[in-house]
Protein chains: 2
Amino acid sequence: MARIVMKFGGSSVATAERMQRVAERVARAKEQGHQVAVVVSAMGDTTDDLIALARQVNDRPPARELDMLLSTGEQVSIAVLAMAIQRLGVRAVSLTGGQAGFRVEPVFGKARILDVDARRVERLLADGQVAVVAGFQGVTDEGEIATLGRGGSDTTAVALAASVGADVCEIYTDVDGVYTTDPRIVPEARKIPEISYDEMLELANLGAAVLHPRAVEYAKLYGVPLVVRSSFHDGAGTWVKEEVEVEQGQVVRGIAHDLNVAKVSLVGVPNRRDSLGRVFHALAEENINVDIIVQSIVHNDVHDISFTVCRDDLPGTLQVLEGMRVELGVGEIVAEEELAKVSIVGAGMISNPGVAARMFDALTEAGMSIRMVSTSEIKVSCVIDAEDVRRAVQVLHRAFDLSGTPEESAGTVTA
Amino acid sequence: MARIVMKFGGSSVATAERMQRVAERVARAKEQGHQVAVVVSAMGDTTDDLIALARQVNDRPPARELDMLLSTGEQVSIAVLAMAIQRLGVRAVSLTGGQAGFRVEPVFGKARILDVDARRVERLLADGQVAVVAGFQGVTDEGEIATLGRGGSDTTAVALAASVGADVCEIYTDVDGVYTTDPRIVPEARKIPEISYDEMLELANLGAAVLHPRAVEYAKLYGVPLVVRSSFHDGAGTWVKEEVEVEQGQVVRGIAHDLNVAKVSLVGVPNRRDSLGRVFHALAEENINVDIIVQSIVHNDVHDISFTVCRDDLPGTLQVLEGMRVELGVGEIVAEEELAKVSIVGAGMISNPGVAARMFDALTEAGMSIRMVSTSEIKVSCVIDAEDVRRAVQVLHRAFDLSGTPEESAGTVTA
């Protein structure tokens, strides 16, 4: 007998029929003798539909009211799923975030979980009942409903798993695991059997939508083993855990790409000690996240600063910079939109210093120009022209031999 | 400055556009300097749609889960309405039943309100904000969400009005008040300017859908003045309150009818002391409401019992009776479906003993046969053939001179 938290995303419960299939899967796990808690998202496009409804009456819906509205999506899901499970003769009880003990920060739209008082869920599990918990939501100390922001249901599932000491947190989704890269770009992309928290975190942050970065962070923090698998068919899925063997010679675990990249360059910034800090403070105040930063000393007194932001944030970024132009004495502000970021991720890189160079070689040999570079211990990201991104992913997938099975590729890659 | 509770039903908030119109009406009341709390139902057909969704996964949805599901309908409404009001520059806060302090019985699907801790609503009103409260729902002592049953939003509004000591509870609906009878049957039907709680209660119980009987009871109990008016245009509406002048000569205030009537007769029941009690206990256990009961002594040992139930309850009623047939020694069980009930209501009847006779005369002169009769101090109901019901309403409306204005009709009616 194991204690399992199962999480089903919106597409897995988009229709009454899919709900029934989810209910059958839950009932099967119960039949196998497991204790089961389920976390579920809003059905299909419900969240988007509710946002559209809000916009019809208020073009800037206040965050508290938007959370009041959006939290109904998951509440519908838990009620329907609990009914569907009960229909199969398995006892089940739906719980809102608040009823399940999720205490959250009073930050509407992106609340963080403060703690989980899982006593009610524990009681249900001990009694052999299925607890069906609303993802994405919690209650503040003042009794207000607040949501965790997009992707928050993954975090709910992991936090619940940590709180009840679950043996595993199963994330059911519309793909059957984490792939070496997007199979729509590289048809030979291979499902990864195991990946470490850190690697998954990098991939998630770099745009692999299969898991929310915050959920992975939470899983790492509490040592909750995750498995990502398909809600539509059986299959081993991908395990995400602390210790993962580096497959022989496999220094790169996966390749991510991101088309939502814009680059801004400040050309000819007089070299004052605090100018860099002032720019990024001003951007942070506008909630603009800066990703890669490159500073180049042109000569003693003047330098260039380049950095990337999300494309959506480009207009806001330029507005902030124009406002500081005179103050900073910037010569020119240059914006580029048609860019993308391609990244390789793998814990094996730590002990293989030549990996970044192999990435640059592969891209330049394919005739692409590398505009910016950013590295961490287990990833290398390059900013390239947007039009090159598909080919870049394909070239790197081949260069790091990710298509073969681990056995096949063993020994063929050397760092 | 007055303190007002405004209640808007599902058709008043069926679309985003109607939500905006409701918001404008609320904002207007605020501009006039009033303190305003709003109670709102689920948008349009939401409740029915949610029930249909539930039935897709479970043909007998468990009551607790159904309440979890249905309560989202009102939660969507309060959030959207609060957004729409804020859009007009008026501060507004949405509150679920639980957040607004509605503590209810743990009876899912038809919980009664135990008490209302209106401190949060009071604080909002005192601060000049609009409290937008979800109708139809509350929270049990165990933190479970329970609904009040159909029509419950009226009760929510009246209970809230009582708790905050509101000067008036305004019920906005898709008709512009309470009419002497259904204007679809009698085009000359007249809007009633004022009606007493007791009269309204009779009319509501007799099928006038404009107000829920429980809400009227609550209003009477706490002395909350109600006004029923149109949400689509301005107009005085109908006031429901304790003391209402009997318009000169106007002994009948309104006429109600109900087509949902079936009659069951037990013919030849041996005259044992407890047989009647046993029949109605058995029906009560099946949640079957019995309306009019007539018992006739045929001779010393055997009598007939006739009573009416809702048509939906007829199959269940017959099942119960067949099960007791031998035990009671009943000769024959006869069911009739094609019946209707027509009722006259008016506080003026108390001092006018001839009213019932005038009703019988009017119906029999029109060639109708009266199958059963039931009376209270302020109403007389007759069961007649279903095919006669429209004509019966028209005949009675004329006989009691309800079409004219009060002035016109004064003196023309004598009891």
Review point. For region B:265-323 and region A:53-118, what is the separation of their Cα centres, given in Å?
Key: 48
Practice item. Starting with the highest mean, order A:156-163, A:394-401 by the number of other Cβ atoms within 10 Å, averaged over the residues of each peptide. Key: A:156-163, A:394-401
Review point. Quick one: in chain B, whose Cβ comes closest to the B/A rotation axis, and how close in angstrom?
Key: B:Thr72, 2
Review point. If one computes the Cα centroid of region A:326-379 and of region B:126-180, what distance in Å separates the two points?
Key: 60
Practice item. Count, for each residue of A:16-25, the Cβ atoms from other chains sitting within 10 Å of its Cβ, then give me the mean as a whole number. Key: 2
**Study point:** Nonlocal amide H pairs with B:Glu170, under 5 Å, H built at 1.01 Å
**Key:** B:Val5, B:Met6, B:Lys7, B:Val227
Check your understanding: At each listed q (0.09 Å⁻¹), what is the log10 of I(q)/I(0) that the Debye formula gives for the protein assembly as shown modelled as equal alpha-carbon point scatterers?
Key -> -0.98
Exercise for review: Out of all DSSP beta bridges with both ends in region B:152-297, state the antiparallel percent to the nearest 5.
Suggested key: 35
Review point. Which lysines have a Cα less than 27 Å from the Cα of A:Lys241, not counting those fewer than 8 places away in the same chain?
Key: A:Lys7, A:Lys30, A:Lys110, A:Lys191, A:Lys220, A:Lys341, A:Lys379
Practice item. Provide the percentage of antiparallel DSSP beta bridges, counting only those with both residues in the protein assembly as shown; round to the nearest 5. Key: 60
Revision key, fill the gap. Taking region B:3-174, the equivalent ellipsoid from its C-alpha gyration tensor has semi-axes in Å, biggest first, of 26, 18, 12
Review point. What are the label-to-label distances in nm, one decimal and shortest first, from A:Arg3 to the same spot in the other copies, with labels 7 Å along Cα to Cβ?
Key: 4.8
Review point. Roughly what % antiparallel, to the nearest 5, for the DSSP beta bridges in chain A?
Key: 60
**Study point:** Translational diffusion coefficient (Stokes-Einstein; Kirkwood radius from C-alpha pairs) of chain B at 10 °C, 1.306 mPa s, in µm²/s
**Key:** 69
Check your understanding: How big is D for region B:254-409, in µm² s⁻¹ as a whole number, if Stokes-Einstein is applied with the Kirkwood radius of its Cα pairs at 4 °C and 1.567 mPa s?
Key -> 76
Revision key, fill the gap. Mean other chain Cβ within 10 Å across A:69-81 is 6
Check your understanding: If each residue's Cβ is checked for other Cβ atoms within 10 Å, how do A:Asp312, B:Asp385 rank with the fewest at the top?
Key -> A:Asp312, B:Asp385
Study note, to complete from the structure: Here the correct list, in nm and shortest first, of distances from B:Asp385 to the same site in the other copies, label points 7 Å along Cα→Cβ, is 9.0
Check your understanding: Which distances, shortest first and in nm, link A:Ser230 to the matching position in the other copies, using label points set 7 Å out along Cα to C-beta?
Key -> 5.9
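Readers should treat all values here as calculations from the given coordinates under stated rules, not as data from a laboratory. All values derive from a computational prediction rather than experimental measurement. We place every Cβ from the backbone using ideal geometry, glycine too, and count neighbours over all the protein chains shown.
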